[in-house]
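*Asks:* Pasting in a structure now, in structure tokens, and then I'll have a few things to ask.
Just so it is clear, none of the values below were taken in a lab; they were calculated from the coordinates. What you are looking at is a predicted structure, and each value in this text was computed from that prediction instead of being measured. Please note: Cβ atoms are built from the backbone with ideal geometry, for glycine as well, and neighbour counts cover all protein chains shown.
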Amino acid sequence: MKKTLLSILIILLFFSCKKEKKTTTIEKGKTEVFQSILDSIYAQNKDAIGIMVHVEAPDKAISWSGAVGISDKDSKAPLLKDQPVLIASNTKTYVSVAILKLAEQSQLDLNQAIDTLIFEETNALLKSDGYDTSDITLAQLLNHTSGIYDYAGTEDYMQMIKDDPKHRYTRNEQIEMATKMGEPLGEAGNVFAYADTNYLLLTEIIEGITKKPFYTSMRELINYDKLGMTATWFSTLEDYPEDLKPLAHQYWTSEGFDSYNINHSFDLFGGGGIASTSRDLAVFSQSLFSNRIFTQPETLDLIYTKANPKQEMEGDYYLGLSSVDFDGVKGYGHGGFWGTAVNYFPELNTSIAVFVLDRDQRKLRVNLNYAFINVLKTF
């Protein structure tokens, strides 16, 4: 990593010495620096299969996408910068924003109990498993302090996917799994436990309020079209966008997973499910934190409501967001199962989206953020 950063600094020095060049040359220089970071890190980590990055930094007049590597182990097709991927748990931030939009419209209250919001069948199911749904709030679903068990993080669920990768799951089926695979983790507010189950209940609530499929309502509430997010959709639930390149393969090599060989319903109903390009993901992040989605500025403040369970937790989690810190540069965002991540850095007014195509190499998301932040601070 030190060698990589040294090479970046040398490139920066080269371009900083060319002050007589026109602005277009300087902008080209930034692009070349970004691509050199990507190429250098990939050259040392080709097991990553492919890497994609988008940097959205309006104060520095930067909106850059880059890619390196291949998109398919078998065909060896080169990875293209505008190919979409499954962003998995990055979807949770979108769900949170949709809920906050409904709260802004006075259709929901974050302190509202979920018993009258979830479907009657779901409510009865949870109660039969020992959950007091009249004591669980919307905010506790959003920040994972509901005490509801998670099916998605279990070894049993991973084995089910291995045994029958083409099975088409339903949301109801997965919620029922959560009640059968484990007991309640405690009273609401007692413990933080990350759970996709919470977000499946949230998309059910969105449908109950809007009377539309949750993915349609989310598209309208967030207003993808207004933000220019033309390559964002719920895979297999919405039509594949026209004229968009094919999804890149995403792998978990050590477990024998290829996203093309698994029915996308295994992670589809709010815990994950969105497919997006790196650009669209970064644009969503930048739009959110620049307050281009909410009507009232104070609505954005609500997303920073921190999980504060009675039992001590490690790290911070907010409403569909977590926080990161890279040498004192703090960011807010989320990561995803396959090796995706996006973070917004207030100090730089910049969003950085990173896709690593092999989950086994997802640690490179950290390396890439460090490298790009260090360079951005010099521009």
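*Asks:* At 7 Å along Cα-to-Cβ for each site, give me the label-to-label distance between residue 32 and residue 187 in nm.
*Replies:* If labels sit at residue 32 and residue 187, their model points lie 6.5 nm apart.
*Asks:* Helix 278-289: angle to the longest alpha-carbon principal axis of the chain, degrees 0 to 90, nearest 10?
*Replies:* On a 0 to 90 degree scale, this one is about 70.
*Asks:* For 110, 38, what ranking results if the residue with the fewest other Cβ atoms within 10 Å of its Cβ goes first?
*Replies:* 110, 38
*Asks:* Right, something else. Give, rounded to the nearest 20 debye, the magnitude of the charge dipole that the chain has about its Cα centre when Lys and Arg contribute +1 at Cβ and Asp and Glu contribute -1 at Cβ.
*Replies:* 2040
*Asks:* Would you mind getting me the FRET efficiency between residue 132 and residue 253? Use the beta-carbon distance for r and R0 = 51 Å, nearest 0.05.
*Replies:* Rounded to the nearest 0.05, the efficiency is 0.75.
*Asks:* Is there a pair in 212/363; 226/377; 76/330; 166/245; 60/226; 60/330 whose C-alpha atoms are over 27 Å apart, and which pairs would that be?
*Replies:* Beyond 27 Å between Cα atoms: 212/363; 226/377; 76/330.
*Asks:* Per the Kirkwood definition applied to all pairs of different Cα atoms, how many angstroms is the hydrodynamic radius of region 85-376?
*Replies:* 19.3
*Asks:* Show me, for region 74-89, the HN-Hα J-couplings you get by feeding each phi into the Karplus relation (A = 6.51, B = -1.76, C = 1.60, θ = phi - 60°), rounded to Hz, glycine and proline as x.
*Replies:* 6, 7, 6, 4, x, 6, 9, 5, 10, 7, x, 9, 7, 8, 6, 5
*Asks:* Quote the relative contact order of the chain in percent (integer), defining contacts as alpha-carbon pairs under 8 Å separated by 6+ residues.
*Replies:* 24
*Asks:* Oh, and also: With θ taken as phi - 60° and the coefficients 6.51, -1.76 and 1.60, list the Karplus ³J(HN,Hα) couplings across region 357-374 in order, rounded to whole Hz; mark glycine and proline as x.
*Replies:* The phi angles translate into 7, 10, 3, 4, 10, 5, 4, 5, 4, 5, 4, 5, 4, 4, 5, 5, 5, 4 Hz.
*Asks:* Once you have the Cα-Cα distance between residue 75 and residue 173, take 0.36 nm times their residue separation minus that, and quote the gain in nm to one decimal.
*Replies:* Gain on stretching residue 75 to residue 173: 31.7 nm.
*Asks:* Within region 59-116, which trypsin sites (Lys or Arg not before Pro) sit in a loop by DSSP and count at most 15 neighbouring Cβ atoms inside 10 Å?
*Replies:* Passing sites in region 59-116 are 73, 76.
*Asks:* Under the definition of Cα pairs under 8 Å and six or more residues apart, what whole-number percent is the relative contact order of region 256-348?
*Replies:* Here the relative contact order equals 17 percent.
*Asks:* Once the Cα atoms of helix 91-104 and of the chain are each reduced to a long axis, what angle between those two axes, in degrees from 0 to 90 to the nearest 10, is obtained?
*Replies:* It is inclined by approximately 60 degrees.
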